[in-house]
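The values are calculated or read from the model by the stated rules, or taken from the named source; none is laboratory data. What you see is a predicted model, and the numbers here were worked out from it, not measured in a lab. Methodologically, a virtual Cβ is constructed for each residue, glycine included, from the backbone with ideal geometry; neighbour enumeration extends over all protein chains shown. Please note that ligands, DNA and RNA were not included when accessible areas were found on the heavy atoms of the full protein model with its side chains. Shrake-Rupley method; radii C 1.70, N 1.55, O 1.52, S 1.80 Å.
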Amino acid sequence: RAISKNTTLKHLYFIDLEGGPDAYADGTSDHYVFKVTQGVLDSMSLETICFNNCDVACCLEFFSRFLRYRSQSPSRRQRDIGGLEKFKGLGLTDCDLTPHLLSVIANSLLTFNTLEAFELFSVEEEDEQDYGSPKDEDMSVVLESLVKKHKLECLALEGIKLGPKSLGHVKSMLKRKGSRLEALKLVRCDIDDKAFKIISADLVSNKRIQALDLSGNELGAVSREGIESLLRRSKTLKNLSAEFCLSEYLRASEAEDLAESLSCSKSLEILYLQTKTSHLGWQCLGNYFGNADCSLKDLQLSDCNLLSADLRVLASAIGSNPKL
């Protein structure tokens, strides 16, 4: 009742909810916790709902009720002006994602069209009881619903293996007329050169993208060249996170090409780079980092196998750039 009557509540987080028949024994009972669901669904102000490390049963209960409620005609709802009409953000982080749960989420997404941000982070596999990463077919159903009904500004996926079907829907988000996608985060999504090629052209031609995070993927030469094209052409890209050729060193000529592409970007402010290259390669990149005319303000280098000589090159470059 408090949630449904509150006119200022915008963000609601469910954290560490566990399903169980007895609230005092095996975790928080679905019955007691999700009596609040009706209040949530009648909210006039709520914009964001996030689940973190919640049991599958709890998430499934919420979205099943959400689907039933939203599938009703407005005249049958408790309050026509409610029903999460301002709903803009949905997140599930560190949750087990079963095919059934993803299917219910996909159907729920088809009942409204106001979502601007969608986050889905799969729990990391630790033992035999984990459900593992969703299959491409299951994940593609969710992404298809997002393409059909919503114009996202932010799509963030982590720990989910994206195959051709799923990446095809990401491609549709990037290329659609009037695309609003500004932040694309595909972290640990099993993206290699073949997979990146599916979205590369539309990523480069997108005129709104501001943040791109491809951390935790094995990006090779084809992916690097695609990102270099984005750096040269984009006037909006501010934040880039990527790992290049971790299984082998970038040749000095490849590092020079990357540095030149970075220099072409007049909007890039944040760079998270994970790569390995020779001392000559770091000299090429150092020339970019030390250029006071570049727009870069925040630089993070990780797992780069830097030697003492490389560190001296970088220290000199960073010291000569007052913006960093």
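Which value, in Å² rounded to 10, gives the accessible area of I209 with a 1.4 Å probe and all protein chains present?
0
So if we plug the beta-carbon distance of H279 and D94 into 1/(1 + (r/R0)^6) with R0 = 41 Å, what FRET efficiency do we get, rounded to 0.05? Numbers along the way, then the final one.
Numbers: r = 40 Å, r/R0 = 0.98.
Result of the calculation: an efficiency of 0.55.
Using modelled amide H (1.01 Å from N, peptide plane; none on Pro or chain starts), what sits under 5 Å from the amide H of D213, excluding residues fewer than 5 places away?
When sequence neighbours closer than 5 places are left aside, the close amide H contacts are L184, K185, L186, S241.
What does the charge count around L110 come to, taking other residues whose C-beta lies under 13 Å from its C-beta (Lys +1, Arg +1, Asp -1, Glu -1)?
Its environment carries a net charge of +2.
Determine the calculated [θ] at 222 nm for the chain from helices alone, applying -39500 (n - 2.57) to every DSSP H run no shorter than 4 residues and normalising by the residue count; nearest 500 deg cm²/dmol.
-12000 deg cm²/dmol
So what's region 202-270 giving for Rg/Rh, alpha carbon basis, Kirkwood Rh from the mean inverse pair distance?
Reported Rg/Rh, Kirkwood definition of Rh: 0.94.
How much length is gained if the chain between K194 and K235 is pulled fully straight, taking 0.36 nm per residue apart and subtracting their Cα-Cα distance, in nm to one decimal?
12.2 nm
Counting only protein chains, not ligands or nucleic acids, how are L268, L17, L311 ordered by accessible area (probe 1.4 Å), most first?
Result, largest first: L311, L17, L268.
N6 versus K177, label points 7 Å from Cα toward the beta carbon: distance in nm?
The two pseudo-label positions are separated by 4.2 nm.
Give me the number: length gained by fully extending F112 to E218, i.e. 0.36 nm times residue separation minus the C-alpha to C-alpha distance, one decimal in nm.
So the chain would gain 34.6 nm between F112 and E218.
Relative to the present Cα-Cα distance, how much length would full extension add between S45 and S308 at 0.36 nm per residue of separation?
Full-extension gain reported as 89.2 nm.
May I ask you to evaluate 6.51 cos²θ - 1.76 cosθ + 1.60, the Karplus curve with θ = phi - 60°, for each residue of region 4-15 and list the ³J(HN,Hα) values in order in whole Hz, giving x for glycine and proline?
Whole-Hz 3J(HN,Hα) from phi for region 4-15: 5, 8, 6, 9, 10, 5, 10, 10, 10, 10, 9, 10.
All other residues with a Cβ under 13 Å from the Cβ of V142 taken together, and with Lys, Arg as +1 and Asp, Glu as -1, what is their net charge?
-1
Taking the simple approach of a point 7 Å from Cα along Cα-to-Cβ for both D293 and D257, what is their distance in nm?
That separation, rounded to one decimal, is 2.4 nm.
Given [x] 22.8; [y] 24.7; [z] 21.6, which label gives Kirkwood radius over Cα pairs in Å as computed from the coordinates?
[z]
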